[in-house]
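Read the structure below first, then the notes.
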Amino acid sequence: MVVSAENVIRRRFDLRGQVQGVGFRPFVYRMATIHGLTGFVANDGNGAVVEVEGRAAAVEAFASELTEKLPPMARVRQLERRDMAPVGDAEFRIELSHPDPNRSPEVTPDAALCNECRAELFDPADRRYCYPFITCTNCGPRYSIIRTIPYDRPATTMAKFTLCELCAKEYADPSSRRFHAQPNACPVCGPRMELCRPDRSTIEGDPIRETARMLAQGRIVAIKGIGGYHLACRADLNAVVAELRARKIRDGKPLAVMVADVGAARKICTLTNTDVVALTSRAAPIVLAPKRTDHGLAGLVAPGCKDFGVMLPYAPVHHLLFTEGLGALVMTSFNLSGEPLTYEDQDAFDTLGSAADAFLTHNREIFRPIDDSVVFGFREDAIPIRRARGYAPCPVRLDRSGGGAFPRGHTAKILAVGGELKSCVCLYAGGEATLSEHLGDLIHAEAYRNFVRAVHRLKVLFNFAPELVAHDLHPRYLSTRYARELGLRAFGVQHHHAHVASVMAEWNEAGPVIGLACDGTGYGTDGAVWGCEILLCKRGTFDRVGHLEYFPLVGGDAAAIETWRPAAALVRQTLGEDWLERAGAVFRGVPTEALSVFERQVVAGVHALPTSSLGRVFDAVSFLTGLCARNRHEAEAAMALETAAGETAADPYAYCVTERNGRVVMSMIPAILEILGAVRSGEPVHRIAARFHETIARMLVDATAAACEATGIHTVALSGGCFCNRRLLGRVVELLEARRLRVLYHRQVPSGDGGLSLGQALVAAWQSAEPETVARATET
Ligand SMILES: [Zn+2]
Ligand SMILES: [Zn+2]
């Protein structure tokens, strides 16, 4: 094509966002070719860069399509354009990546099988018919297989598979959906499935068909998927699920269920539109949804829970298994209770060989173990409880335009290490907070090693050298110790302050806000164990303006497990010193010796820290109503209470909100008195549970509203693990909105400790950017 020089322009586009590993370069190539433009596209350290040259009208048309017709997984967040002098390129080309050692682009999360690939998977005429590693630029593994950036095949665990002629042709063909699809593979050149016995010998036959046959017979099979191994078995037979639980040493924890499609999911639980959108999204998380009464699954799948955690097939291997006529399957992360996810093959066979009858495995290495995410639908949002596969490592971004949460002029790179349970770390730089996947509870040595390795790999992946570190105030958390040993300037951030700052970050809010943080336990600045806090938060500072009245947390770690302990403390506070005679039968199951040790410790103040934990109040009432004597896993007692409450509306019990020394203090004493009476008179447990929920909601809202009124602040920020309780969250939001308050709640990160690191990072950013504000705040 001959064009006169006057008409020709050249324009450069610099793009940030999710543009690597999502078919962006092929898309640009096609667009540029359609418009007869020359130039190039390349990944760089920031994202991608495009230069096009040609007629002005064609460049304009290209420019508008660049943002309007993006491939499905691509997200452009920032687009800079500038005109340049034409250089007379002969063609349009895809260039090799231009790495920039100083900046990092976004890494795309793993995505569920796309519809096109799915159609090919089941098309007998397709060369990838029934091939369990089918993928394209729109779907498949990403974050779990990337070692370093830029995202090119040699940087992934696909490096060892050499593309066959046909795959190489697709890879190089700009009109193909697999053009530059890094995990591209086929049965000739790609990874393979294998079904093995626990001794690693091969089971002959079609691995997937054999697996399906074994599952149908009630056997337990370990299945290697995207981020690790699942243990799978039939979900409809109690004996089978009991066997799985016995082998996995995983007490009462609810097990996730995978079903073939939305229709099958609707047969076991009640789904809202929000739930269906989440289930069928590219992230394909586990969605918590209420059980139907006629669900037909084994009682042992999710005992004591009102919900099932349900998900749909997301890897091709799952789709293939369900075509073999299987019903609902238990699909649970393959790890020993509390330890991190198993993802290495040798590890799976060595340590866990006795848990599975067979292993459906493959030779594509998982570089980064990643659990299934867990969400629940609330209004229009899928709210994360566990943020992992499909979401990590998408960043939370602050608006840099001013007026929001972004601390201007702040340039330091911050590593925030989170808390102890549901660990998750955050890399913060320039208004972008990249959160790791859920890393488990940092209690076991193995989980700690996994944490250290994950931090290291994130630093490599994002080329991130932290200059500051933020951690919890708790001196004994392993994460705190880790942070303090880094030799960087360290910021200790109070647990509930971090919770509130985390939700502020999501809403790009610098405060002042009234934060309401409700959870199990967090180290307080007065040495007490905080857990139900009203905090006035503004930028890097907080002021404690209210809390739940303290009661003694007796017996150290046992106080969070044995629910009679907080119950006894609250009942003693309510009834006085002769509490045991007066409460009588309620504590019958507790050994007399334990009760007398308890009494001695309370009186002497030994092993009895004052606490304002709301989580322990839930435990106490769960004990008093006979629902749960022991938290075998975190929040088991509270979940039993939420389940018992169901959906029925109820009146609150009496409670008390007063002002003391300038703070709002909430007391449950009147409610505990009424609950004791209700238990004694044999009131149905579901009714007590429902009334208890209403009491807590009203008490929190009255106290928060009082703090708002006293301070003239009209924005309330909700955070903390208690807001994973949907009934409580729904009611508190409703009641606060009815008082014309603006309510912020979590939508991107968990309200539990999985969201802590985001808040820690933001508080550290604020405090290092504005040290004078912090100094002033600590003086007053
Ligand atoms: Zn695809
Ligand atoms: Zn091939």
task: Quick one: in the stretch 663-696, of everything that is under 22 Å from Cys532 (Cβ atoms) and without any contact (Cβ under 8 Å) to a residue 40 or more places away in the chain, which residue is surrounded by the most Cβ atoms within 10 Å (Cβ to Cβ)?
output: Ala671
message: Out of the residues in the stretch 170-185 meeting the condition of being among the hydrophobic types (A, V, I, L, M, F, W, C) and buried (at least 19 other Cβ atoms within 10 Å of the Cβ), tell me which one is nearest to ligand 2 (Cβ to nearest atom).
response: Ala185
message: So in the stretch 193-209, with the set limited to residues that are more than 22 Å from Glu324 (Cα to Cα) and in contact (Cβ under 8 Å) with a residue 60 or more places away in the chain, which one is nearest to ligand 2 (Cβ to nearest atom)?
response: Arg200
task: Determine if the stretch 51-68 includes at least one residue that is within 14 Å of Glu95 (Cα to Cα) and either open to solvent by 40 Å² or more (accessible area, probe 1.4 Å) or out of contact with any helix residue (DSSP H, G or I) (no Cβ under 7 Å at 6 or more places or on another chain) (or both).
output: yes
task: Starting from residues that are out of contact with any helix residue (DSSP H, G or I) (no Cβ under 6 Å at 6 or more places or on another chain) and in a loop (DSSP other than H, G, I, E, B), keep the ones in the stretch 609-628 and report whichever is most open to solvent (accessible area, probe 1.4 Å).
output: Gly626
- line: Of the residues in the stretch 118-138 that are within 16 Å of ligand 2 (Cβ to nearest atom) and free of Cβ contacts under 8 Å to residues at least 40 places away in the same chain, the one that is nearest to Asn363 (Cα to Cα) is Tyr129
statement: Note on the stretch 371-390: residues open to solvent by less than 10 Å² (accessible area, probe 1.4 Å) and farther than 14 Å from Asn725 by Cα are Asp372, Ser373, Ala388, Arg389
- request: Determine, yes or no, whether His318 is more than 17 Å from Val374 (Cα to Cα), of a type outside the set (D, E, K, R) and open to solvent by less than 10 Å² (accessible area, probe 1.4 Å).
  value: yes
statement: Among helices (runs of 4 or more DSSP H) entirely within the stretch 641-745, at least 3 residues that are among the β-branched types (Val, Ile, Thr) and farther than 19 Å from Val545 by Cα occur in 669-680, 685-711
field: Residues located in the stretch 638-652, provided they are in contact with a Leu (Cβ under 7 Å, 6 or more places away or on another chain) and small (Gly, Ala, Ser)
entry: Ala640, Ala644
message: Here's a check for you: in the stretch 157-193, which residue that is away from ligand 1 (no atom under 16 Å from the Cβ) and touching a Leu at 6+ places or on another chain (Cβ under 8 Å) is farthest from Cys130 (Cα to Cα)?
response: Cys189
query: Ala61: more than 13 Å from ligand 1 (Cβ to nearest atom) and at pLDDT 95 or above, yes or no?
result: no
task: Identify all residues within the stretch 462-519 that are within 18 Å of Tyr448 (Cα to Cα), free of Cβ contacts under 8 Å to residues at least 60 places away in the same chain and assigned to a loop (DSSP other than H, G, I, E, B); write none if there are none.
output: His474, Pro475, Arg476, Tyr477, Glu485
field: helices (runs of 4 or more DSSP H) lying entirely in the stretch 520-608 (those with 3 or more residues that are of a type in the set (A, V, I, L, M, F, W, C) and open to solvent by 20 Å² or more (accessible area, probe 1.4 Å))
entry: 592-604
- line: So, first residue touching a residue at least 24 places away in the same chain (Cβ under 8 Å) in the stretch 16-36, second residue acidic (Asp, Glu), Cβ within less than 6 Å, six or more apart or across chains; the pairs are Gln18/Glu106; Met31/Glu65
- prompt: If Leu398 passes every condition in (1) hydrophobic (A, V, I, L, M, F, W, C); (2) within 27 Å of Arg544 (Cα to Cα); (3) open to solvent by less than 10 Å² (accessible area, probe 1.4 Å) but one, which one does it miss?
  reply: (3)
message: I'd like the full set of residues that are within 16 Å of ligand 2 (Cβ to nearest atom) and more than 19 Å from Arg25 (Cα to Cα), limited to the stretch 139-169.
response: Met158, Ala159, Lys160, Phe161, Thr162, Leu163, Cys164, Glu165, Leu166
Search result, residues across the stretch 431-451 that are open to solvent by 50 Å² or more (accessible area, probe 1.4 Å) and of a type in the set (Val, Ile, Thr): Ile443
- request: Give me a count of the residues in the stretch 112-150 that are surrounded by fewer than 22 Cβ atoms within 10 Å (Cβ to Cβ), within 8 Å of ligand 1 (Cβ to nearest atom) and on the phi > 0 side of the Ramachandran plot.
  value: 0
query: Tally time: how many residues in the stretch 240-273 are within 23 Å of Thr323 (Cα to Cα), part of a loop (DSSP other than H, G, I, E, B) and open to solvent by 30 Å² or more (accessible area, probe 1.4 Å)?
result: 2
- prompt: What number goes with the only condition from (1) buried (at least 22 other Cβ atoms within 10 Å of the Cβ); (2) in a loop (DSSP other than H, G, I, E, B); (3) touching a Gly at 6+ places or on another chain (Cβ under 6 Å) that Phe161 does not pass?
  reply: (1)
field: Residue check, Gly190 under 26 Å from Val107 (Cα atoms), among the small types (Gly, Ala, Ser), more than 13 Å from ligand 2 (Cβ to nearest atom) and crowded, with 18+ Cβ neighbours inside 10 Å
entry: no
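The values are calculated or read from the model by the stated rules, or taken from the named source; none is laboratory data. These numbers come from a predicted model, not from an experiment. As a convention, Cβ positions derive from the backbone with ideal geometry for all residues, glycine included, and neighbour counts pool all protein chains shown. Ligands, DNA and RNA are stripped out before the accessible areas are found, and what is left, the full protein with its side chains, is counted by its heavy atoms. Shrake-Rupley method; radii C 1.70, N 1.55, O 1.52, S 1.80 Å.
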